[in-house]
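Let me begin by presenting the structure, written as structure tokens, before commenting on it.
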Amino acid sequence: MTGTLILQGVASGLVTGSVYALIALSLVIVFKSTEVINFAGGEFVMLGAYVAMFFLVFLGLPYIVVVPVTAFIAFAVGSAFDRVVLDRVLGRHRPGQSIMVAMVIATVGLSFAFKGTVRLFSVSDNVRTLPPIFSTDPVFLGEVVLSKQDIAIFLISVAVMLLLFAFFQFTKVGRALRATSENPRAATLVGIPVRRMRTLIWGIAAALSAVAGVLVAPKLLVSPDMGGVIILAFAAAIIGGFTNVLGVIVGGIVLGVIENLVGLFVSSKAIAIAPFIVIILILMFRPQGLFGGAAPIKKV
């Protein structure tokens with residue numbers, strides 16, 4: 001019986017963890033390229049859920065259309081934020097001054113702007129859920145039981161991550177983005193338009209979070225405060241290592257599995273505190289994360 005519960009917890013954890021990994025990826029690719037922690041990542045999840053709800057509920061479009069359209073809209077919003085806001089913040093930078101704090105505060109301001117804007121519309125007065133992506137009929141995988149929707153969420157998440165990997169690995173633009181994240185100055189010297197690449201990164205990160213919002217909305221309540229899921233994405237990024245893309249994916253899966261096992265063997269109330277305990281333990285014993293490499297040593 002205990003073995004069956006463990007298998008069930010791991011299987012369910014793979015589903016939720018894959019969504020955490022998508023959101024955490026959006027945080028990490030921005031941080032690697034700009035050294036900015038995007039505190040508006042959760043609100044892009046919320047934006048994706050509300051945009052999808054508009055197309056699904058009010059226009060009656062199918063998910064196969066809604067997912068790419070939602071991703072494109074989020075991409076446009078994320079890119080516009082970089083061009084309109086962050087460009088101006090960077091333009092006010094003076095030699096010897098740190099600009100990172102100002103850029104982080106800009107992302108915090110964006111998160112509050114998103115939540116405030118959504119609350120202006122009557123649609124946010126009622127808590128809703130999106131219709132299921134697939135039917136919720138159970139699928140028996142040996143002793144493990146998952147719904148068709150859970151399997152679809154996992155497969156779509158994995159497909160998006162594989163597409164992102166292929167984009168960064170095998171396309172010219174993807175390689176330029178990787179070069180920008182590794183060494184912006186060297187990328188500039190070889191003719192890569194670094195500012196344009198950073199705008200593209202913000203758009204991709206926003207699209208990833210929005211897709212995660214579409215996937216998670218049928219299982220969670222759609223509300224202006226659903227962006228709080230970003231805390232779990234931060235936990236996943238910290239577990240894997242904030243600068244390691246593969247580690248972040250593993251961190252999301254690990255966090256999802258831990259949450260489900262805690263819910264099964266400890267208490268459903270303990271799920272809420274499990275990520276914070278994991279964060280504390282990781283920061284205490286391996287602050288660079290499981291896959292973050294050796295901690296850097298700096299001369300002072």
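The values are calculated or read from the model by the stated rules, or taken from the named source; none is laboratory data. Worth saying up front: this structure is predicted, and the values here are computed from it rather than measured. We place every Cβ from the backbone using ideal geometry, glycine too, and count neighbours over all the protein chains shown.
Out of all the residues in region 152-173, is one or more outside any helix (DSSP H, G or I) and in contact (Cβ under 8 Å) with a residue 12 or more places away in the chain?
No - not one qualifying residue is present in region 152-173.
Name the residues in region 179-193 that are surrounded by fewer than 16 Cβ atoms within 10 Å (Cβ to Cβ) and either farther than 21 Å from residue 88 by Cα or at pLDDT below 85 (or both), would you?
182, 183, 185, 186, 188, 189, 190, 191
Considering (1) hydrophobic (A, V, I, L, M, F, W, C); (2) surrounded by fewer than 22 Cβ atoms within 10 Å (Cβ to Cβ); (3) modelled with pLDDT of 85 or more, say which one residue 272 fails and leave the rest.
(3)
Of all residues in region 118-154, which are over 22 Å from residue 222 (Cβ atoms), out of contact with any strand residue (DSSP E or B) (no Cβ under 8 Å at 6 or more places or on another chain) and hydrophobic (A, V, I, L, M, F, W, C)?
Result: 140, 141, 144.
So that you can scan it fast, the table gives a plain yes or no per residue for (1) closer than 20 Å to residue 256 by Cα; (2) modelled with pLDDT of 85 or more; (3) among the β-branched types (Val, Ile, Thr):
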| residue | (1), (2), (3) |
| --- | --- |
| 104 | no, yes, yes |
| 145 | yes, no, yes |
| 154 | yes, yes, no |
| 166 | no, yes, no |
| 199 | no, yes, yes |
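Answer yes if at least one residue in region 26-36 is modelled with pLDDT of 90 or more, touching a Leu at 6+ places or on another chain (Cβ under 7 Å) and more than 26 Å from residue 185 (Cα to Cα), and no otherwise.
No: zero hits.
Working only within region 185-203, note down all residues that are assigned to a helix (DSSP H, G or I) and either closer than 15 Å to residue 67 by Cβ or without any contact (Cβ under 8 Å) to a residue 24 or more places away in the chain (or both).
Correct list: 185, 186, 187, 188, 189, 194, 196.
So is residue 71 under 18 Å from residue 163 (Cβ atoms) and either in contact (Cβ under 8 Å) with a residue 40 or more places away in the chain or aromatic (Phe, Trp, Tyr) (or both) or not?
When the stated conditions are applied, residue 71 passes them.
Which number in (1) touching a residue at least 60 places away in the same chain (Cβ under 8 Å); (2) over 30 Å from residue 62 (Cα atoms); (3) surrounded by 22 or more Cβ atoms within 10 Å (Cβ to Cβ) marks the one condition that residue 213 misses?
(2)
Going by what's in this entry, would residue 247 be described as of a type outside the set (D, E, K, R), in a helix (DSSP H, G or I) and without any contact (Cβ under 8 Å) to a residue 60 or more places away in the chain?
yes
Need the failing condition index for residue 203 against (1) crowded, with 24+ Cβ neighbours inside 10 Å; (2) closer than 30 Å to residue 53 by Cα; (3) not hydroxyl-bearing (Ser, Thr, Tyr), just the number.
Of the numbered conditions (1) crowded, with 24+ Cβ neighbours inside 10 Å; (2) closer than 30 Å to residue 53 by Cα; (3) not hydroxyl-bearing (Ser, Thr, Tyr), the odd one out for residue 203 is (1).
Taking the stated definitions as given, is residue 80 at pLDDT 90 or above, in contact with a Leu (Cβ under 8 Å, 6 or more places away or on another chain) and not aromatic (Phe, Trp, Tyr)?
When the stated conditions are applied, residue 80 does not pass them.
Hey, can you tell me all the residues within region 250-269 that are of a type in the set (S, T, N, Q) and either within 18 Å of the chain's Cα centre (by Cα) or assigned to a loop (DSSP other than H, G, I, E, B) (or both)?
Selection gives 267 alone.
Is at least one residue of region 128-144 touching a Ser or Thr at 6+ places or on another chain (Cβ under 9 Å), aromatic (Phe, Trp, Tyr) and either more than 17 Å from residue 47 (Cβ to Cβ) or without any contact (Cβ under 8 Å) to a residue 12 or more places away in the chain (or both)?
Yes, region 128-144 contains at least one residue that is touching a Ser or Thr at 6+ places or on another chain (Cβ under 9 Å), aromatic (Phe, Trp, Tyr) and either more than 17 Å from residue 47 (Cβ to Cβ) or without any contact (Cβ under 8 Å) to a residue 12 or more places away in the chain (or both).
With touching a Phe, Trp or Tyr at 6+ places or on another chain (Cβ under 6 Å), under 23 Å from residue 165 (Cβ atoms), assigned to a helix (DSSP H, G or I) and in contact (Cβ under 8 Å) with a residue 60 or more places away in the chain as the only criterion, which of 17, 78 stands out?
From the options 17, 78, the qualifying one is 78.
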